[in-house]
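Asker: What follows is a structure written as structure tokens; I'll ask about it next.
The values are calculated or read from the model by the stated rules, or taken from the named source; none is laboratory data. Please read these numbers as outputs of a predicted model, since none were measured by experiment. Positions of Cβ are generated from backbone atoms using ideal geometry, with glycine treated the same way; all protein chains shown enter the neighbour counts. Side chains are part of the model used for accessible areas, which takes the heavy atoms of the whole protein and leaves out ligands, DNA and RNA. Shrake-Rupley method; radii C 1.70, N 1.55, O 1.52, S 1.80 Å.
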Amino acid sequence: MAQEKACPVYLIAGFLDSGKTSFINGILSDGFAMDGRTMLLCCEEGEVEYDKKLLRNVTVVTVDDQEQLTPEFLEAEQKKCRATQIIVEYNGMWQIQDFYVNSMPRSWVLYQIIATVEGPTFEMYSRNMASLMAEKLRNADMICINRCTGALCAALRQKNLRLLNRRADIYLEREDGESEDYMDGTVSAFDLEQPVIRISDEDYGLWYVEIMDNPRMYAGKTVVYRAIMCKPPQYGRYFTPGRFAMVCCAEDMTFLALACIGCDVSQIPERTWVEVTAQVAVEHWDPYEGDGPVLHVKSVVPCRKPAEEVVQM
């Protein structure tokens, strides 16, 4: 029997009036539904309506009761409209996990979760519905916080939402419609107030990108991470433990390493897994072609390799 083709699902989550419908109108206006039929599953109706001019290839299915969301019902609705992709405007009072664990048909694949947040009500929902708010932000692949003033942007960065969700892309939309990246060089995905910042195996790729983009954020900080020993002879007294990373396929494999100095590693064989403890400095290093993170190593000790040796970017 032929295997069913996977149907991508894009789930838009957020409380009432957080901008979910406006976000959906925005992606539809960019031609999202031009190439295939789309089922738009509406689980919550707000004041803003879908733009009818954008619904040519889109069938809207409205659900008022969470108990309606069964795999059988959703699969039948998909077949009716012959949809090849699904957008879900999810009810802000429902747990996201309930949908992808209990409701989705087996042929549906959750491609992306986008959480929309109205900036001026962020604090209120955080206080009064903390668990529901945190669940949306923690599960999201993208977080869009709208209607932000300059003061609110600064206050949200002070809260450091990256500690709640390290991997999501976070955008702050100003009142004039302009958008800015939450990561402006002042916010870290890691708790930099800790005396020792331990980088987990699964976070190595995220940390590497952050420290390379904003090395001064880490100046003077002590970090601990696991990596593969590498001692390129052309680098002299510098050594470069790192991790292999794959962006999308094996052909994309690259070695992500930082300059290390200050410790005798002559007795540690190449390609041995090691735990590095080091203090970060920002210094000139020729291979960087300028200033970058140089790790002044306090200790290098052999360690077991992680369960996943290759970093997924």
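Asker: Please enumerate the residues belonging to segment 238-262 that are assigned to a loop (DSSP other than H, G, I, E, B) and at pLDDT below 95. I'd like the intermediate steps shown before the answer.
Answerer: Here is the first cut: in segment 238-262, the residues assigned to a loop (DSSP other than H, G, I, E, B) are 238, 240-241, 247-249, 253, 258, 262.
Within segment 238-262, Val247, Cys248, Cys249, Met253 qualify.
Asker: Additional query: Just checking, how many residues over segment 118-144 are open to solvent by less than 50 Å² (accessible area, probe 1.4 Å), of a type outside the set (Gly, Ala, Ser) and out of contact with any Asp or Glu (no Cβ under 7 Å at 6 or more places or on another chain)?
Answerer: Here is the first cut: in segment 118-144, the residues open to solvent by less than 50 Å² (accessible area, probe 1.4 Å) are 118-119, 121-122, 125-126, 132-137, 139-140, 142-144.
Those left that are additionally of a type outside the set (Gly, Ala, Ser): 118, 121-122, 125, 132-133, 135-137, 139, 142-144.
Subsequent filtering for residues that are out of contact with any Asp or Glu (no Cβ under 7 Å at 6 or more places or on another chain) retains 121-122, 125, 132-133, 135-137, 139, 143.
Of the residues in that region, 10 qualify.
Asker: Taking Cys148, is it over 30 Å from Lys305 (Cα atoms) and in contact (Cβ under 8 Å) with a residue 60 or more places away in the chain?
Answerer: Numbers: over 30 Å from Lys305 (Cα atoms): yes; in contact (Cβ under 8 Å) with a residue 60 or more places away in the chain: no.
Criteria not met by Cys148.
Asker: Let me ask something additional. Conditions: (1) part of a helix (DSSP H, G or I); (2) in contact with a Gly (Cβ under 8 Å, 6 or more places away or on another chain). Glu210 meets all but one. Number of the miss?
Answerer: So the condition that Glu210 fails would be (2).
Asker: Now for a separate question. Would you pick out the residues in segment 158-167 that are in a loop (DSSP other than H, G, I, E, B) and free of Cβ contacts under 8 Å to residues at least 40 places away in the same chain? Walk me through it before giving the result.
Answerer: So the first thing to find is which residues in segment 158-167 are in a loop (DSSP other than H, G, I, E, B), and the list is 160, 164-167.
The answer is Asn160, Leu164, Asn165, Arg167.
Asker: If we keep just the residues of segment 181-199 that are under 16 Å from the mean Cα position of the chain (by Cα) and of a type outside the set (A, V, I, L, M), which is surrounded by the most Cβ atoms within 10 Å (Cβ to Cβ)?
Answerer: Our first condition is that a residue be under 16 Å from the mean Cα position of the chain (by Cα); within segment 181-199, this holds for 181-184, 187-190.
From the residues that got through so far, the ones that are of a type outside the set (A, V, I, L, M) too are 181-182, 184, 188, 190.
Values: Asp181: 11, Tyr182: 19, Asp184: 11, Ser188: 21, Phe190: 23.
Filtering first and then ranking leaves Phe190.
Asker: If the requirement is being touching a Cys at 6+ places or on another chain (Cβ under 8 Å) and over 16 Å from Tyr100 (Cα atoms), which of these qualifies: Val88, Val48, Val61?
Answerer: Details: Val88 fails: over 16 Å from Tyr100 (Cα atoms); Val48 fails: touching a Cys at 6+ places or on another chain (Cβ under 8 Å).
Among Val88, Val48, Val61, only Val61 is touching a Cys at 6+ places or on another chain (Cβ under 8 Å) and over 16 Å from Tyr100 (Cα atoms).
Asker: Quick check on my filter: what residues within segment 120-141 are free of Cβ contacts under 8 Å to residues at least 60 places away in the same chain, more than 18 Å from Gln97 (Cβ to Cβ) and not basic (Lys, Arg)?
Answerer: Hits for segment 120-141 are Pro120, Phe122, Glu123, Met124, Ser126, Asn128.
Asker: Now a separate question. Could you give me the residue pairs with C-beta distances under 7 Å whose first residue belongs to segment 203-221 and is under 14 Å from Ala257 (Cα atoms) and in contact (Cβ under 8 Å) with a residue 40 or more places away in the chain, whose second residue is among the aromatic types (Phe, Trp, Tyr) and part of a helix (DSSP H, G or I) wherever it lies, and which are 6+ apart or on separate chains?
Answerer: Close Cβ pairs (under 7 Å, with a partner that is among the aromatic types (Phe, Trp, Tyr) and part of a helix (DSSP H, G or I)) amount to Ile211/Tyr218.
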